[in-house]
1. Quick one: what does P(r) look like for segment 307-387 with 10 Å bins over all Cα pairs, in whole %?
2. Which value, in Å³ per residue, describes the convex hull spanned by the Cα atoms of segment 283-354?
3. Mind checking the full-extension length gain between S8 and L176? Use 0.36 nm per residue of separation minus the Cα-Cα distance, one decimal, nm.
4. For segment 195-409, build the charge dipole from Cβ charges (+1 Lys, Arg; -1 Asp, Glu) around the Cα centre, then report which of F258, T393, I383 sits farthest towards its positive end.
5. Rg over Rh of segment 13-53, using C-alpha atoms and the Kirkwood radius, what does it come to?
6. Which whole-number percent is the relative contact order of the chain (Cα, under 8 Å, 6+ apart)?
7. Under a Cβ-only charge scheme (Lys and Arg +1, Asp and Glu -1), can you give me the dipole magnitude of segment 195-409 about the Cα centre, in debye to the nearest 20?
8. Report, as a whole number in µm² per second, the diffusion coefficient that Stokes-Einstein gives for the chain at 4 °C and 1.567 mPa s using the Kirkwood radius over alpha carbon pairs.
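What follows draws every value from the coordinates through simple rules; no lab data is involved. Note that the structure is predicted; figures quoted are calculated from it, not measured. Cβ atoms come from the backbone with ideal geometry, glycine included; neighbour counts cover every protein chain shown.
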Amino acid sequence: MSAEQGNSYWSVVGRQLRKNRMAMLGFRCVIALLLLAVYAPLLASSRPFYYGGPEGSSFPWFKDLFDRIAVPQAVDLFFNLLLVFLPFATVIYVLVRRSLRRRGRWKGRALRRTVGVLAAVHVWIFLGIYLYGWDKVSPLLHLLSGVAVALGGILSGIFVVTANAWMNSPAGFALLDGIPVNISPLAAMLNPAWKTETAHMTLAAFAATGFAVAGIHAFMLLRDRGNLFHRRALAIALWVGGVAAILLPVSGDFNARFIARHQPAKLAAMEGQFRTERGAPLRIGGIPDVDGRTTRFAIEIPRALSLLAFHDPDAEVKGLSAFPRDEWPNPVPVHLAFQFMVASGTTLSVLALLSALFAWRRREWLYTRRFLFAVAACGPLGILSVEAGWVVTELGRQPWVIHGVMRTADAVTTVGGLAIPFAFFSLLYLALGISAAWLLRREVSASPAFPLEEQGGREPG
Ligand code: HEM
């Protein structure tokens, strides 16, 4: 028996079942019947999938799937949820199990099962309740299911960024003649960069989403200033995005100081620093000139880079020239993306502080044309900064895919036939992007109208 196989009750049952061919056949038949039952509404539906009439097209089957009148029984609703989420849950479960099994050494089974089942149950139940449970569960349960989905999103983001942090500061293994030995997945996950990077990305996600949502509501308020729905939504979005935006420069400072010690070539590219010098200046703007080994047109604040990176105005900052030429990241995109991210971060924090000041001293100023216009114009900044941040992180690490261990050129796969999966996934994501944009547009244009006058001209709360 392999070390992977346990002796729990269910392991023994599973092994006995697999030994008996007839029992396995029966088991598979039961699964097939269950699937048939779950997917019966799809195979033999009484409602059309698509209907094109004089009033336009509609999709009755999809529309009725979670309609309270069409599906009055809780048990039917449960099976409809199963129908929609079973494929997603199965894919997640299989992927999580497989990836944990490959990483081996974590006493496989119990953990794999737990994480796999939790991931599946999470998507399946909470997202289902949140999306389709508005008038079917109590407001508290609905709110809690939204919180659970958000927590799941944060956690999954943390796991993804942790993998990236490992590429920036690899840990949890030793190299013996180029072969990794003494592998510890836990130590790899808890690599030195994971805390700073995941904190920054989580805050960035809240700031980007908060300001994008605030931008949309500000835009709608510019058309209809008295709409209470948009006023409340703007206030909530500014709170969420604003708190994150104020914390982002602080967390960015931690990131930069970490990079100064662990990835000095990335810091040099970010800052357009070519020469190694003590008391290095901070450059605002400017364009790195690689041939001339200088950054042109920048405003320089003397000794500020040494001060920010090492908390000492006379500290030495390594320039790109301290590294072999074939180990330089390209400073042009890295510096420009970094400047864009910091400029946007500063703008968003100023906007957040102004919103807090207005909300505290004079609420009505939040709804002046000028302020609404500023919020609407800054709506895309957070999302653009997220892209810029990833440019800094990824291009700043070049030519390494795993910093100091493996070059990107050596990581390129030699496997052929990848054009079809590449085209498939590109099309899939394009389709998902278009449908997400279409759904968002529909939600925004269908937003309810609550004129302020109906509340006696006053905002409640
Ligand atoms: C305002 C000051 C900011 C500073 C000083 C700053 C600093 C940094 C630094 C140094 C990195 C590189 C981290 C690494 O490679 O390990 C980074 C990455 C990143 N930044 Fe910023 N940042 C700021 C604002 C923002 C804003 C406003 C956003 C988005 C809303 C953002 C999103 C990102 C993202 C997504 C990454 C890549 C993932 C990560 O490293 O967490 N940053 N930032």
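1. Taking every Cα pair in segment 307-387, the percentages come to 14, 29, 26, 18, 10, 3.
2. Convex hull of Cα atoms, per residue: 114 Å³.
3. Working: separation 168, 0.36 × 168 = 60.48 nm, distance 3.74 nm.
Gain on extension, S8 to L176, equals 56.7 nm.
4. Among F258, T393, I383, the one farthest towards the positive end of the dipole of segment 195-409 is I383.
5. Result for segment 13-53 is an Rg/Rh of 1.35.
6. Working: 563 pairs, mean separation 57.1, N = 461.
About 12 percent, as a whole number.
7. In debye, rounded to 20, segment 195-409 gives about 760.
8. My calculation gives 49 µm²/s for D.
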